[in-house]
Amino acid sequence: MKTYPIYLNGEFVPTEKTLSVTNPATGEVFAKVSTVDRTRVARAVADAHAAFAGWRALTAKVRGEFLHKIADELEMRRDEIARTITMEAGKPLQQSSGELALTIDHLHWFAEEGRRAYGRVIPHQADGKRNLVVKTPIGVVAAISPWNFPLVLAVRKIAPALAAGCPVILKPASATPLCALMFAEACDAVKLPRGVFQLVCGSASEIAAEFLENPLVRKITFTGSTEVGQKLIEGAAKYIKPLSLELGGLAPLLVFDDADLEKAVEGAMLAKFRNTGQSCIAANRIYVQRGIYDRFVQRFVEKAKAQKLGDGLEPDVQIGALIDEAGLKKAIEHVEDAVKRGAKLLCGGKRADRPGYFFEPTVLVDVPKDVLCMKEETFAPVAAITSFETEAEGIELANSAPFGLSAYVFTRDLSRTFRLMESIEAGMIGINDGLPTTSNAPFGGMKMSGWGRELGAEGLDAFLETKHISIAL
Ligand code: NAP
């Protein structure tokens with residue numbers, strides 16, 4: 001079994017202690033990765049700080065060229081990286097290739113967007129003064145990423161930070177460090193200056209404590225659970241450390257009577273079952289208007305049942321393994337709770353009879369409002385469907401959660417589209433679109449789903465300070 005080093009200050013460094021990487025499709029450990037303690041993280045921060053002056057001094061064009069080259073390196077190793085994502089995260093191979101393609105697009109997009117970190121000249125209102133706004137890189141960035149989209153969610157932070165002129169230290173999820181290592185290999189291959197990108201693995205709380213308390217770390221950008229986000233907010237309070245937080249969701253998906261049925265079913269399948277339901281923007285609550293309810297449920301169940309479940313490395317698999325035993329237990333608990341409290345189970349509902357952490361694609365209908373799967377992220381291939389009568393009721397249901405990451409609406413009525421676009425409380429709304437993510441538009445949530453935005457122009461701005469310069473002539 002291979003033991004991988006980590007990447008510190010331009011070198012791949014093996015350490016004594018390691019963590020194990022398990023393939024969720026088999027339940028077997030297949031790799032080990034070196035870990036570091038807090039003292040070594042502090043050294044990485046010092047090295048990143050030392051690299052900052054040189055990196056920010058390069059032109060945005062030159063920094064962008066590095067990003068383009070990193071993207072090309074990833075492209076050259078496309079098959080190997082996609083297989084690695086599948087082996088560590090359980091994701092069907094086709095979806096791992098999709099994740100890699102989006103990662104590459106993020107890199108190319110921010111390579112160019114870095115050149116547009118514009119300030120502005122403000123028309124003066126005091127005689128003898130001129131006012132300018134300039135944007136400067138914030139400094140050393142610490143990034144903490146989750147396992148569900150292990151490469152693209154890390155790069156959604158790294159690419160804009162590097163483009164803005166900031167060095168980055170990444171701590172990936174312990175379940176999925178291998179594709180982050182491959183990213184480090186790409187940085188090394190293109191000779192990114194030492195210290196500009198570093199990778200640390202190990203105890204999350206120890207590493208986060210150093211990120212929070214070390215004054216040289218100027219920004220922490222985190223994607224993960226709302227619970228850990230809350231801990232970071234508490235820890236950051238003492239040091240007023242700036243945070244970007246991409247946290248949990250509980251996306252509502254509304255289907256109106258006037259929707260195109262096939263489009264709505266396709267969109268709901270994608271929004272629900274992509275990544276085996278383990279997505280922060282997964283449609284956790286599906287609300288269907290009374291007049292189309294029965295037809296929608298029938299088509300949706302047919303499609304849900306037809307999905308192929310298996311090891312993501314096998315051809316044509318659509319439902320892969322869940323990340324671990326805890327993920328499986330949560331799915332079972334949510335289904336049992338819903339059925340006990342009146343929901344009808346139309347398909348699936350149990351662990352698949354094979355090794356690894358597989359759960360059958362599941363559809364629950366007539367699901368009451370207050371059951372677990374309507375109140376908490378299920379993070380599994382479990383679709384919870386219920387009906388509503390009026391547009392006002394649909395909006396109220398959609399906004400009833402304390403989260404506001406993404407929402408989906410299926411309708412052909414243009415006036416309704418505008419009403420919902422304005423009233424639904426979510427950072428991203430897909431109208432007849434089950435997958436709204438794109439490099440050039442902001443991604444992030446309202447309410448308990450987090451602070452700030454990634455991607456788009458906002459994604460670059462997250463790593464820039466805004467300075468007002470007042471010049472007396
Ligand atoms: P998680 O348990 O919060 O872990 C995310 C990352 O935080 C991992 O790297 C983890 O490290 C680290 N971590 C754990 N404890 C920490 C601590 N005390 N301080 C600092 N970092 C700590 O979340 P997850 O289970 O990996 O991911 C699923 C969650 O992420 C879901 O709630 C999902 O909705 C959310 N998510 C949100 C978005 C978004 O864009 N809004 C995108 C994807 C996922 P270890 O792995 O070493 O524990």
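Derivation of every value follows stated rules applied to the coordinates shown; laboratory data play no part. Predicted model only: the values in this text are computed from it and were never measured. Cβ sites come from the backbone with ideal geometry, for glycine too, and all protein chains shown count toward neighbours.
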What are the radius of gyration and Dmax of segment 261-398, computed over its Cα atoms and given in Å?
14.3, 46
For segment 56-63, Karplus-derived ³J(HN,Hα) couplings (6.51, -1.76, 1.60; θ = phi - 60°; whole Hz; x for glycine and proline) come out as 5, 6, 5, 6, 4, 5, 5, 4
Rounded to a whole number, the Stokes-Einstein D of the chain in µm²/s (Kirkwood radius over Cα pairs; 25 °C; 0.890 mPa s) is 106
So what is the diffusion coefficient of segment 126-175 in µm² per second by Stokes-Einstein at 20 °C and 1.002 mPa s, using a Kirkwood Rh over Cα pairs?
167
A student asked for the Cα radius of gyration and Dmax of segment 1-72 in angstrom ought to give 16.6, 48
Cut-off 14 Å (backbone N to label point 7 Å along Cα→Cβ of residue 302), residues of segment 260-287
261-266
To check my understanding: the extent here is largest minus smallest coordinate of the Cα atoms along each principal axis. What are those three numbers for segment 323-385, in Å, largest first?
33, 21, 16
Normalising by the residue count of segment 353-473, find the relative contact order in percent from Cα pairs under 8 Å and 6+ residues apart.
17
Per-residue [θ]222 nm for the chain (sum of -39500 (n - 2.57) over DSSP H runs n ≥ 4, rounded to 500):
-12500 deg cm²/dmol
Bins of 10 Å, beginning at zero and ending with the bin holding the largest distance: percent of Cα pairs per bin for segment 394-464, please.
20, 48, 28, 4, 0
Evaluate Rg over Rh across segment 174-249, taking Cα atoms for both radii and Kirkwood's formula for Rh.
1.00
If we restrict to alpha carbons, what Rg and Dmax does segment 43-182 come to, in Å?
18.0, 65
Counting only DSSP beta bridges with both partners in segment 1-123, the antiparallel fraction in percent, to the nearest 5, comes to 75
Between segment 272-306 and segment 153-200, what is the C-alpha centre distance in whole Å?
36
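Can you tell me the dipole magnitude for segment 371-422 around its Cα centre, using point charges on the Cβ only (Lys, Arg +1; Asp, Glu -1), in Debye to the nearest 20?
Numbers: 4 positive and 8 negative charges, 29 e Å.
It works out to roughly 140 debye.
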Nonlocal amide H pairs with residue 4, under 5 Å, H built at 1.01 Å
32, 33, 34
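For residue 417 and residue 313, what is the calculated FRET efficiency with R₀ set at 51 Å and r taken between the beta-carbons, to the nearest 0.05?
Efficiency, from the Cβ-Cβ distance: 0.80.
What are the semi-axes of the equivalent ellipsoid for segment 1-40, taken as the square roots of 5 times the Cα gyration tensor eigenvalues, largest first, in whole Å?
Semi-axes, largest first: 23, 10, 8 Å.
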What whole-number distance in Å separates the alpha-carbon centres of segment 50-84 and segment 439-461?
22
Sorted by average packing, counted as other Cβ atoms within 10 angstrom per residue and highest first, what order do 271-284, 229-242, 443-456 take?
271-284, 443-456, 229-242
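Determine the gain in length on full extension of the stretch residue 50-residue 326; use 0.36 nm per residue of separation and subtract their C-alpha separation, reporting nm with one decimal.
95.3 nm
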Cα principal axis extents for segment 317-454, largest first, Å
47, 36, 27
Skipping prolines and chain starts, which residues have an amide H placed within reach, meaning under 5 Å, of the one on residue 319, given they are 5 or more residues away or on another chain?
308, 309, 310
Going down the table (2/238; 61/157; 238/369; 308/330; 17/69; 157/369), which pairs top 29 Å between alpha carbons?
2/238; 238/369; 17/69; 157/369
Placing one identical point scatterer on every Cα of segment 242-339 and ignoring solvent, what is log10 I(q)/I(0) from the Debye formula at q = 0.23 Å⁻¹?
-1.33
For the peptides 359-369, 385-395, what is the packing order when you average, over each peptide's residues, the other Cβ atoms within 10 Å and list the highest mean first?
359-369, 385-395
What order do you get for 468, 68 when you list them from fewest to most C-beta neighbours inside 10 Å?
468, 68
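Given the chain, what percent of its DSSP beta bridges are antiparallel, to the nearest 5?
Approximately 45 percent, going by the DSSP bridge assignments.
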Please compute, for the alpha-carbon atoms of segment 303-358, the extent along each of the three principal axes and give them in descending order in Å.
38, 27, 15
Can you figure out the FRET efficiency of residue 240 with residue 37, using R₀ = 35 Å and their beta-carbon distance, to the nearest 0.05?
0.85
Taking every alpha carbon pair in segment 50-102 and sorting the distances into 10 angstrom bins from 0 up to the bin holding the longest one, the percent per bin comes out as 24, 34, 23, 19, 1
How much of the DSSP beta bridge set in segment 88-214 is antiparallel, as a percent to the nearest 5?
30
Value of Rg to Rh for segment 364-405 (Rh from inverse mean 1/r over Cα pairs, i.e. Kirkwood)
0.95
Protection proxy ranking of 73-84, 141-152 - average other beta-carbon atoms within 10 Å, highest first:
141-152, 73-84
